[in-house]
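Some notes on the structure that comes next.
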Amino acid sequence: MGDDRSDLERMLDDLFPYRRTSATFTRIPNEGVSRETVLADMQMMATAEDAQGDAGRVSGSLYSGDHDHYAFLADVFGEFAHANVLQRDMYPSATKFEGEIVAMVADMLHAPAATGVVTSGGSDSLIHALYSYREEARETRGVSTPNVVLPNTAHVALRKGAHWMGIEVRDVPVTDAFVADVEGIAAAMDDNTIAIVGSAGDYAHGLIDPIPELGVLAQERGIGLHVDGCLGGFLLPWVEELGYDVPPWDFRVDGVTSISADTHKYGYALKGTSTLVYRDAPLRARQWYSVTDWPGGLYLSPGLAGSRSGGLIASTWAAMISTGRQGYLDKARALLATNDTIKAGIRDRIPELQIIGDPLFMTSFMSAPRSGLAASTVDQMDAGVDVYLVNDALKKAGWRMNSLQLPPALHFCVTGPNTQPGVAESFVDDLRAAVDYAIEHRGQPAESGAMYGFGATPQGQQTLTAAMNGVLEAMHATAPEA
Ligand SMILES: Cc1ncc(COP(=O)(O)O)c(C=O)c1O
């Protein structure tokens, strides 16, 4: 690819790399494309897109990485891909799978009597929980101007849900240890607070908030406490069983009223499922919706979705029972050993960086702060290493990190492919070199930024903005003839 591409072309190639190698469809083709051609195209894309992850050079996102496991799940998915969970009479298997998924998760989280739902992902679980708390507060306490109080590290989907549902978000800065500030949360609460939230662990740093203290607070004020275990929920139970020191965070903590735990992360299921478990059935029932006077019939729905794929529920169930407790334990052992190697490598060899807290399954690091200043307030850019320059160098070396902000930091969330021999060691080597690069280029603008979900690709901000501004149109206009 020559350097004479225009900015627009470069951006389009970044967003749509297949526009030069694969046909672009802007209307349904008159004659159907042969299955062989479709499959060949798909396989070409999948192979290209899996390469970096399979090599163990991607943070988060993949979780299992075992292609035999994926193939098995795809077989299971295929059996029920066409099934609509809504048609319970036709597909009683879905009732079995969903019920057993929830039962197994409730058991894993130490509340075997808890109830719950399978949702489409972590954000979906969090937003459903918020809705239930809003409804509970409205009906039992007459709250009409609801607010939810969060540590500012709580996942952004909560802010999105609150925005959609007219709930005020009171986000409270975390402590210098980057976990929820319980006193700050207490101070932000009032009679209109519908719930408080803690994470186990949080997306940015993988840290576990002081859930027992939050539980006491929630009980004192008579409101719910949701624990966001979307990321850690399917890992921490096994980590604890392995003997690691895991602070209390699940239903054994008094005051915890609901927990989200994502099957499509460390549950090793296909993408598109999560669980939301409520300690008590009445709270779960808040998210049910019914209508009796609609021409389409009596309507009763357990959540936002209408039709749902039987394939996803079946394959999630299959992922859990085929992995088994032993499988989860073995994977957890390998994940934590890998993360321990990364943490030790940074501590021993890269004094310019500081690990944020002492996370179990991911390593989040920022520029080491100037002594005497609180870690959370130090001006990173002036103080030391620009971690976005570090990310530029890591990217050139073939790594895909997650970039953070406030303060600027990167995290490496360890997943299955990262546990391959030598990956952690070579990451530490490349990180050492990347820090040297950042020091050499100090003061120069970094290409990376802190863009959630974009892996901080060069031009990430620009790319996203362009995508939102209708770059699809531009792609169509510039697509080469198929
Ligand atoms: C702690 C936490 N909560 C919620 C989410 C949102 O999950 P999803 O991307 O499945 O919507 C994530 C995603 O990484 C997360 O780490």
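Debye-formula intensities of region 1-119, expressed as log10 I(q)/I(0) at q = 0.09, 0.11 Å⁻¹, are -0.50, -0.71 (one equal scatterer per alpha-carbon, no solvent). Alpha-carbon geometry of region 218-300: the Rg and the Dmax are 16.7, 57 Å, given in that order.
Computed 3J(HN,Hα) for region 352-357, one whole-Hz value per residue from the Karplus formula 6.51 cos²θ - 1.76 cosθ + 1.60 where θ = phi - 60°, is 5, 10, 10, 6, 8, x, glycine and proline marked x. Positive contributions from Lys and Arg (+1) and negative ones from Asp and Glu (-1), summed over other residues with Cβ under 15 Å from the Cβ of residue 75, come out at -3.
Local charge for residue 231 was computed over the other residues whose Cβ lies under 13 Å away, with Lys and Arg +1 and Asp and Glu -1, and equals -3.
Residues whose amide H comes within less than 5 Å of that of residue 199, counting only those at least five positions distant or on another chain, are 209, 228 (H built at 1.01 Å from N in the peptide plane).
Return the FRET efficiency for the residue pair residue 289, residue 145: r is the Cβ-Cβ distance, R0 is 25 Å, and the value is rounded to the nearest 0.05. Working from the Cβ atoms, E equals 0.65.
Database remark: amide H of residue 275 closer than 5 angstrom to the amide H of 119, 261, 262, 263 (H placed geometrically; neighbours at sequence offset of 5 or more, or on other chains; Pro and chain starts carry no H). For the chain, the share of DSSP beta bridges that are antiparallel, to the nearest 5, is 55%. For the chain, the mean residue ellipticity at 222 nm estimated from helices alone is -13500 deg cm²/dmol, where every DSSP H run of n ≥ 4 contributes -39500 (n - 2.57) and the total is divided by all residues, rounded to the nearest 500.
Output needed for region 84-308: three equivalent-ellipsoid semi-axes, defined as square roots of 5 times the C-alpha gyration tensor eigenvalues, in descending order, whole Å. Output for region 84-308: semi-axes of 27, 22, 14 Å.
Among beta bridges from DSSP that stay inside region 84-308, the antiparallel ones total about 40%. Here the Kirkwood formula, the inverse mean of 1/r across different C-alpha pairs, assigns the chain a hydrodynamic radius of 24.1 Å.
Each Lys or Arg adds one and each Asp or Glu subtracts one; over the other residues with Cβ under 10 Å from the Cβ of residue 415, this totals +2. Per-residue 3J(HN,Hα) values for region 245-250, derived from phi via the Karplus relation 6.51 cos²θ - 1.76 cosθ + 1.60 with θ = phi - 60°, read 7, 10, x, x, 8, 9 Hz in sequence order (x marks Gly and Pro).
Amide H to amide H, with H built 1.01 Å from N, residue 83 comes under 5 Å of 310, 311, counting only residues 5 or more places away or on other chains.
Across the cross-link table entries 96/271; 160/271; 271/396; 331/395; 265/331, which are compared at the Cα atoms, the separations over 24 Å belong to 271/396; 331/395. Our note on the geometry: Cα centres of region 125-140 and region 289-367, 23 Å apart. The antiparallel fraction among DSSP beta bridges confined to region 182-335 stands at about 45%.
Annotation: peptides 62-71, 265-274, ranked by per-residue average of other Cβ atoms within 10 Å with the highest first, follow the order 265-274, 62-71.
FYI, it's all coordinate maths here, none of it is from the lab. Bear in mind that the values here come from a model prediction, so they are computed numbers and not experimental data. Positions of Cβ are generated from backbone atoms using ideal geometry, with glycine treated the same way; all protein chains shown enter the neighbour counts.
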